Every structure is written in C-alpha cells, then in structure tokens.
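Have a look at the structure below, then the notes.
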Amino acid sequence: MAAEPVPIAGLLRLRVRRCGADFTRLIDEFSTEAPDRILQVQLDLADPAVPWATELLRQRGFFLGAYLPLWYGTDALILQRLPWKPEPAAVVLIPGAARRVLKQLLADKAGLPRRLA
C-alpha cells in the first residue's frame, strides 16, 4: 500500500482494503511521512478488522472524515488527522444537515484521547 498525495487538497491519503498484521506499523510510518499535511486513511467497511483499525487510528489522533456509501462496492470510512487545531467558528455551512454533520465531527474530535486532541 502506498500513500497517495492529493496536492490540490494538501493531503496524503492511504487506501486500505484489508487490515493485516502489519497495519500498526503501516499507520505509524504513514503518520510520520508528512506531518505538515492532512492525513486520511480510507478503510473498506467490509473488512472485519475495521473496528480495531478505527480504534487504533483514533488513538493516533485520527477522527471521522467521511462515510462513503458503496465506495468499493461496499461502504468505506475515512478517518483523518489535521496538522492544525480546527477553528469551528471559522467554518461556514448551509443551515440544517451540514450543521448537524459539523456538530458530529466536532464531537468525534473532542472524544479523542486528551494528549492528541
């Protein structure tokens, strides 16, 4: 698995179809690859190891980025880590559903272990 740069968005993405025995090492290496960029890990939700992988990523400062219905023919989940502290007041959203999504993302981020949040 190789990290995929997305220059226009200033991020580095890692697509994971199956979490193997080397997943922890892979994430630790990925996390140090570009500390000044947004990091995203995309997980295939058909993989039974996703709950474990999600917890490992959260312990390393990743939080909910997106849910991708039928992305691989199955659903996918993106967890991301930002190189800066987000300022919720600076986010401008269309009223309604978008505000609920922001509230959920901020609650997820707030639930990270204190040393990472």
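Report yes if ARG81 is under 15 Å from the mean Cα position of the chain (by Cα), at pLDDT 90 or above and surrounded by 15 or more Cβ atoms within 10 Å (Cβ to Cβ), otherwise no. Answer is yes for this residue.
Mind listing just one residue for me: the one in segment 11-26 that is over 21 Å from ASP75 (Cα atoms) and in contact (Cβ under 8 Å) with a residue 12 or more places away in the chain and, of those, nearest to the chain's Cα centre (by Cα)?
Out of the qualifying residues, it is LEU11.
Looking at LEU106, is it over 18 Å from ALA2 (Cα atoms) and either assigned to a loop (DSSP other than H, G, I, E, B) or not hydroxyl-bearing (Ser, Thr, Tyr) (or both)? Judged against the criteria, LEU106 is a match. Go through segment 33-58 and count every residue that is more than 20 Å from PRO86 (Cα to Cα) and under 15 Å from the mean Cα position of the chain (by Cα). Total meeting the criteria: 11. Considering TRP52, TRP71, the condition of being within 15 Å of GLU4 (Cβ to Cβ) and of a type in the set (Phe, Trp, Tyr) is satisfied by TRP71 alone.
With the condition kept exactly as written, say whether any residue in segment 23-36 is closer than 21 Å to PRO113 by Cα and in contact with a Pro (Cβ under 6 Å, 6 or more places away or on another chain). Yes; the residues of segment 23-36 include at least one that is closer than 21 Å to PRO113 by Cα and in contact with a Pro (Cβ under 6 Å, 6 or more places away or on another chain).
Looking at LEU56, LEU43, LEU26, LEU64, which one is among the aliphatic types (A, V, I, L, M) and either more than 22 Å from ALA110 (Cβ to Cβ) or part of a loop (DSSP other than H, G, I, E, B) (or both)? So that I can check it myself, show each step before the final result.
On the way: LEU56 fails: either more than 22 Å from ALA110 (Cβ to Cβ) or part of a loop (DSSP other than H, G, I, E, B) (or both); LEU43 fails: either more than 22 Å from ALA110 (Cβ to Cβ) or part of a loop (DSSP other than H, G, I, E, B) (or both); LEU64 fails: either more than 22 Å from ALA110 (Cβ to Cβ) or part of a loop (DSSP other than H, G, I, E, B) (or both).
Being among the aliphatic types (A, V, I, L, M) and either more than 22 Å from ALA110 (Cβ to Cβ) or part of a loop (DSSP other than H, G, I, E, B) (or both) holds for just one of LEU56, LEU43, LEU26, LEU64, which is LEU26.
Scanning segment 53-110 for residues that are free of Cβ contacts under 8 Å to residues at least 12 places away in the same chain and either within 20 Å of PRO35 (Cα to Cα) or among the charged types (D, E, K, R) (or both) gives GLU55, TRP84, LYS85, GLU87, ARG99, ARG100, LYS103. Restricting attention to segment 1-51, the residues that are of a type in the set (Val, Ile, Thr) and surrounded by 17 or more Cβ atoms within 10 Å (Cβ to Cβ) total 5.
The values are calculated or read from the model by the stated rules, or taken from the named source; none is laboratory data. Just so it is clear, the structure is predicted and the values come from calculations on it, not from any experiment. Methodologically, a virtual Cβ is constructed for each residue, glycine included, from the backbone with ideal geometry; neighbour enumeration extends over all protein chains shown.
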